[in-house]
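S.K.: Pasting a structure below so you can have a look.
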Amino acid sequence: MIKSITKMGCFVLFLFLALGSIGLPVFAQQNIRLSGKVTNKKGEALQGVTVRIKGKSQGTSTDATGKYQLDVAPSSTVVFSQVGMKEQERTVGNQRQLDVTLEDSDNALDEIVVTGYGGVAKKRDLTGAISSVNAKKIEERQPINLFDALQGQAAGVLIVNDGGGAPGATGSIQVRGTSTLNGGNGPLYLVDGVINPDGATINPTDIENIEVLKDAASASIYGSRAANGVILITTKRGSEGRPMVNVNYNHLFGRLAHYIPVSNSAEVRAFRYIQGLNTNTDSINPSFNSDNDLQRLLLGNLAQKKEIKMSVSGGQKNLRYYSSLNYLDDKSIILNSYAKRLQSRINVEYQFSSKLRYSNNISFSWQKGNTIPIGNTIRVVMDRPAYSLIYYPDGSLTSYIGSKRNPVANALFEKNIDETYSGQLNNQLDYQIRDDLKFTTLFNVRLDNLQNTQFSPRFLSANKDQNSGTNEFNKTFTWEFQSYLNYNKTFAQDHNVTALLGFSSDRRRYDRFHSEYMNSVNEEVLVTFPDYLTPSKTYTTATANASASVFSRIGYNYKGRYLVQGSYRRDGSSRFGAANKWGNFLSASAAWRFSDENFMKWAKPALVDAKLRYSIGQLGNDKVGDYESYTKVAFGGSYNGVGGAALTSTFGNNRIKWETTTQNNVGLDLTFLNGRLGFTADYYVKTTTDLLYPRELAKETGYAKVNVNLGTIRNRGMEFVISGKPIVTPDFSWEVNGNISFERGKIVKLADGIPFFPGNKWYAEEGGRIGNFYGWRNLGVYSWDESNAYNDNWEKLTLVLDDQGKPMYRDGKAVYTFNGSDYQGTVHQLYAPDGKLKGGDAEWLNNKKDSLINDEDRMILGNATPNFYFGFMQTFRYKRFTLNVLFNGSFGGEVYNALLQRQNYPSNTGAGSPDMVYNVWRKPGDVAKYPNYVERNNRGNLKTNQNSLYIEDATFVRLSSARLAYTFDPQLINRLKMKGLTAFVYGSNLLTWTNYRGYDPEFSTNNPLTPGEDDGRYPRRREFGFGVNINF
């Protein structure tokens, strides 16, 4: 069926191409060439003003001198608009020269917002929940990537930006909480209308505006991929006139933002006493008499991030172009950790006639870097004793000492090179059938090639006698086809109807080739030969999926006072069985501008605009493996020299079907004081049913798991946005934008109501929150054997001490009090499965209220999801100075500090932690945090991965960025043959307020069911830098 629909789309494309070519000579003769200049009230030229014909998509924009040229019909009305300026409409008539002066506007309601598939709307006319970020706001942030550009600027959008850590890293974006349990909670990214894998390859300076579609009514037009929200990115276009060249250079310097305590040599020796091991120092052997700070040696280096961006844009009659080139050289704080990236984009538009327009978008990116296995690296920093030598006296590096590898040697000599090439080509045709009807068709292809090369020389092996390597190629090829009609008609001035009807299809194929080898002769020229290969670890694999969709949308607007919109989409996915391939998804939304009603006249002029919104919609999700409806066969191994094959451990299920996310949204938009103050509030309920998840099977079946539709999750949330301009004068202005988001997700239903463990420290159950930590509640350490004492209700008794500070005995029994009074009742003790708890043992909450601490005493210990998060941006402008400051933060979530637990309990030759050295129980009477180390493996003292002692508050407030810029006087820079010059200094991750003991409480999580575990994440940098932006 997908093939037949694709053929139909190709036929429609051919038909309209033919119609377009017939219409070329007919309509070109009816137009005149209109030109002019757009300025502000001061007479200064305005660059980037959109000049378009009302009711059509045809238009241009002003160049650096404020000039424009546009072919129009004499009866046309031309609309001039720019963010922050009041829109103007002018009738052409017999004019050939039309100059316009735009006035400043504090009202953001007239901004144009992209709604998808060629649809646009004024911000004031939206019926759904959409957040917008324009190029001006992006520029003020000086972002390195998309995550930088968006962080803190959109309510309901939780962004974890990893770009301040690993070189070339990006981050994660989650819109309105978790929507699925099967992974893949990131939004759908569309760049100029076509699907993009993750937005990571987008150069922020290429972006004209970003729209985040948050509610189902807004996002449902994109169907199955939109269950987690949609991010629409529109890139910049050129404008008619002389070419305009922009060059931007910035240079950042960074250091590790936060150091954590690491044992020095004296503390390591103290830890050896705690371990009960021999700590005699060999005064002759220099290998064990150093005092190295591995954290500073490995992580304390000066990072440098250099970036240069250049763009050229312009146009002439009927032709506009924009091209850009961006180069990033990012050297991190960790030795030999780096990334280099090159990005390029070319956007070309050609107007064949007033009816037909052709657009071509080409993008390319290359990235290469040495990827440090950060988890292992951080663990070695914590685990290798400080007294172990790093360099021999002759300056050469050591390798293994005392069974611990040298992380400096590994960082310098080990290779883990990722090199990626990505290219994307999009061709689009727009045909204006009538003034109110436009046809669009596009075809997009994308190719991603990733090669990973790993090599570890002999020197780094335990016996310095064996090298090893890995070579892997990954190729992803995707194509996408779209065809749709947009209708926009105004009747009797007050009634506006919009409609959309379209079709799309796409296919993705992924290929992987993996080989591993050992004992290569040459360690400089990395080659793979059959004699070197490890056959059991050399393989190829591939996977593919396809989808097809038909979609429609219709909207009605009466005087901008009453607005309604509905959409329908039918999606087909190759991932499901024949009976469940297709899903139907509906949405509806309405808005009432009650400020236009007569009964609200009393509120004017203070209340400029007030609108109430409601939307409801459905979205689908098909994010399971490509062939989970089949029981698969894996090829591998051999029997007596003959190749083998066997069924995989996952049982195929041809009954799995679409997840369905239904979202209700109520919103309120208020604008006061002629746009100087704005307020938006949204409340939503987001419910996902028929959750896709791998369910465990009884081992007697011969299979381990099967994918099923197992239950329901629900997210509720509130979002508040406030924007204002408290001060606006000719020389000084102060602009404030803030948002705060509250969200709460829970599991409503599971298959047969059976709870399960997604990992070794999380628990999923009906009525529970997603991301709940599970385990034993740690209450401290018993100081004395006698401290293990409880009354009949299992409430702890207070042990009385004598004058020597030892337990007091009376009639051969220890003396206790309870609530300040002598206790004369029966004294009960707690037991572990292997014996009675004694002094130096960990004390646990007796949740079941019996004498045994076991699995039944486990409980919910915390949750990794924040209760709320916020962003707060301020922009100050004084004459030619601009200062932009962004704060963001998160409150209420927890992190499981697995790195500290590992640091506290290393191998016998590990370094331990200072916290363990100074807070461990050593002798009876000690008040301690950690139990007797020698007895750590007895009586359940560790409770590894489920110990509340390592669950920490992840609350933080961060001064995320600050940028101070100065724009030079145009009269001065014109003498230097430049159009504009701006110099700036800026910083990122400047201050963080948190009680978390690890490197940073904010980090990305791949699996929505197992968030919040810090087992050694790439540390963040604190960065300061400078830059310059030049326009020619």
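S.K.: Scan Arg507, Arg561, Arg512 and give me the residue that is closer than 23 Å to Trp592 by Cα and surrounded by fewer than 18 Cβ atoms within 10 Å (Cβ to Cβ).
M.R.: Going through Arg507, Arg561, Arg512 in turn, the sole match is Arg561.
S.K.: Also: Filter the stretch 214-255 down to residues that are of a type in the set (A, V, I, L, M, F, W, C) and out of contact with any Phe, Trp or Tyr (no Cβ under 8 Å at 6 or more places or on another chain) and give me whichever is farthest from Gln304 (Cα to Cα).
M.R.: Filtering first and then ranking leaves Ala217.
S.K.: Based on what the data block shows, is Arg958 within 27 Å of the chain's Cα centre (by Cα), crowded, with 16+ Cβ neighbours inside 10 Å, under 30 Å from Gly66 (Cβ atoms) and not hydrophobic (A, V, I, L, M, F, W, C)?
M.R.: Judged against the criteria, Arg958 is not a match.
S.K.: Scanning for something touching a residue at least 40 places away in the same chain (Cβ under 8 Å) and surrounded by fewer than 18 Cβ atoms within 10 Å (Cβ to Cβ), does the stretch 809-817 turn up at least one residue?
M.R.: No: zero hits.
S.K.: What single numbered condition from (1) surrounded by 16 or more Cβ atoms within 10 Å (Cβ to Cβ); (2) over 15 Å from Arg225 (Cα atoms); (3) polar (S, T, N, Q) fails to hold for Ser573?
M.R.: For Ser573, the failing item is (2).
S.K.: Let me spell it out: the conditions are (1) among the charged types (D, E, K, R); (2) touching a Pro at 6+ places or on another chain (Cβ under 7 Å); (3) in a strand (DSSP E or B), and Glu267 meets all of them except one. Which number is the exception?
M.R.: (3)
S.K.: List the pairs whose first member sits in the stretch 839-850 and is surrounded by fewer than 19 Cβ atoms within 10 Å (Cβ to Cβ), whose second member is assigned to a loop (DSSP other than H, G, I, E, B), and whose Cβ atoms are under 7 Å apart, counting only residues at least 6 apart or on separate chains?
M.R.: Leu845/Arg777; Lys849/Trp794
S.K.: Kindly check whether there is at least one residue in the stretch 487-495 that is small (Gly, Ala, Ser) and touching a Lys or Arg at 6+ places or on another chain (Cβ under 6 Å).
M.R.: no
S.K.: Take the stretch 85-121 and flag every residue that is at positive phi, surrounded by 18 or more Cβ atoms within 10 Å (Cβ to Cβ) and either assigned to a loop (DSSP other than H, G, I, E, B) or at pLDDT below 70 (or both). Let's see the steps before the verdict.
M.R.: From the stretch 85-121, those at positive phi are 93, 116-118; that's our starting set.
With the extra rule that they be surrounded by 18 or more Cβ atoms within 10 Å (Cβ to Cβ), the set shrinks to 116-118.
If the condition is that a residue be at positive phi, surrounded by 18 or more Cβ atoms within 10 Å (Cβ to Cβ) and either assigned to a loop (DSSP other than H, G, I, E, B) or at pLDDT below 70 (or both), then Tyr117, Gly118 are the ones that fit.
S.K.: Show me the strands (runs of 3 or more DSSP E) found entirely inside the stretch 125-235 where at least 1 residues are at pLDDT 80 or above and closer than 24 Å to Ser504 by Cβ.
M.R.: So the answer is 130-134, 171-175, 188-191, 194-196, 207-213, 230-235.
S.K.: So, one more: If only one of Ser344, Ser290, Ser324 is touching a helix residue (DSSP H, G or I) at 6+ places or on another chain (Cβ under 8 Å) and farther than 18 Å from Val408 by Cα, which one is it?
M.R.: Details: Ser344 fails: touching a helix residue (DSSP H, G or I) at 6+ places or on another chain (Cβ under 8 Å); Ser290 fails: farther than 18 Å from Val408 by Cα.
Of the residues listed, the single one that is touching a helix residue (DSSP H, G or I) at 6+ places or on another chain (Cβ under 8 Å) and farther than 18 Å from Val408 by Cα is Ser324.
S.K.: Filter the strands (runs of 3 or more DSSP E) completely within the stretch 518-636 down to those with at least 1 residues that are of a type in the set (D, E, K, R) and at pLDDT 90 or above.
M.R.: Working: elements: 539-558, 562-573, 582-592, 607-621.
Passing ranges, in order: 539-558, 562-573, 607-621.
S.K.: While we're here: Among the residues that make up the stretch 629-645, is at least one of them more than 27 Å from the chain's Cα centre (by Cα) and surrounded by 20 or more Cβ atoms within 10 Å (Cβ to Cβ)?
M.R.: yes
S.K.: Return yes or no: is Phe720 under 30 Å from Gln153 (Cα atoms) and either in contact with a strand residue (DSSP E or B) (Cβ under 7 Å, 6 or more places away or on another chain) or crowded, with 21+ Cβ neighbours inside 10 Å (or both)?
M.R.: Working: under 30 Å from Gln153 (Cα atoms): yes; either in contact with a strand residue (DSSP E or B) (Cβ under 7 Å, 6 or more places away or on another chain) or crowded, with 21+ Cβ neighbours inside 10 Å (or both): yes.
The answer is yes for Phe720.
S.K.: For Ser741, work out the one condition from (1) in contact with a Leu (Cβ under 8 Å, 6 or more places away or on another chain); (2) over 30 Å from Thr680 (Cα atoms); (3) buried (at least 22 other Cβ atoms within 10 Å of the Cβ) it doesn't fulfil.
M.R.: (2)
To keep it simple, each residue is scored yes or no on (1) among the hydroxyl-bearing types (Ser, Thr, Tyr); (2) outside any helix (DSSP H, G or I); (3) surrounded by fewer than 17 Cβ atoms within 10 Å (Cβ to Cβ); (4) in contact with an Asp or Glu (Cβ under 8 Å, 6 or more places away or on another chain).
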residue	(1), (2), (3), (4)
Arg320	no, yes, no, yes
Ser324	yes, yes, no, yes
Ile372	no, yes, no, no
Val381	no, no, no, no
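S.K.: Condition first: of a type in the set (Gly, Ala, Ser) and not in a strand (DSSP E or B). Now tell me which residues in the stretch 841-884 satisfy that.
M.R.: Answer for the stretch 841-884, where residues must be of a type in the set (Gly, Ala, Ser) and not in a strand (DSSP E or B): Ser851, Ala864.
S.K.: Sticking with this one: Go through the residues of the stretch 23-30 one by one and say whether even a single one is out of contact with any His (no Cβ under 6 Å at 6 or more places or on another chain) and modelled with pLDDT of 50 or more. Let's see the steps before the verdict.
M.R.: Quick first cut of the stretch 23-30, residues out of contact with any His (no Cβ under 6 Å at 6 or more places or on another chain) only: 23-30.
Now narrow it down to the ones that are modelled with pLDDT of 50 or more: 30.
Scanning the stretch 23-30 turns up at least one residue that is out of contact with any His (no Cβ under 6 Å at 6 or more places or on another chain) and modelled with pLDDT of 50 or more.
S.K.: Right, another one. Considering each of Tyr933, Tyr986, Tyr950 in turn, give the residue that is over 30 Å from Gly152 (Cβ atoms) and crowded, with 17+ Cβ neighbours inside 10 Å. Working first, answer last.
M.R.: Values: Tyr986 fails: over 30 Å from Gly152 (Cβ atoms); Tyr950 fails: over 30 Å from Gly152 (Cβ atoms).
Among Tyr933, Tyr986, Tyr950, only Tyr933 is over 30 Å from Gly152 (Cβ atoms) and crowded, with 17+ Cβ neighbours inside 10 Å.
S.K.: Now for a different question. Go through the stretch 355-370 and give me each residue that's crowded, with 21+ Cβ neighbours inside 10 Å and either of a type outside the set (S, T, N, Q) or assigned to a loop (DSSP other than H, G, I, E, B) (or both).
M.R.: Passing the criteria: Lys355, Leu356, Arg357, Gly369.
S.K.: Turning to a different aspect of this structure: Looking only at the stretch 477-495, which residues are surrounded by fewer than 18 Cβ atoms within 10 Å (Cβ to Cβ) and either assigned to a strand (DSSP E or B) or in contact (Cβ under 8 Å) with a residue 60 or more places away in the chain (or both)?
M.R.: Residues satisfying the conditions are Phe477, Trp479, Tyr487, Lys489, Thr490, Phe491, Asp494, His495.
S.K.: With Asp609, Asp622 as the choices, which residue is closer than 22 Å to Ser220 by Cα and touching a residue at least 40 places away in the same chain (Cβ under 8 Å)?
M.R.: Residue meeting the stated conditions: Asp622.
The values are calculated or read from the model by the stated rules, or taken from the named source; none is laboratory data. None of the values given here were measured: they were computed from a predicted structure. Every residue, glycine as well, gets a Cβ built from its backbone with ideal geometry; the counts of neighbours run over all protein chains shown.
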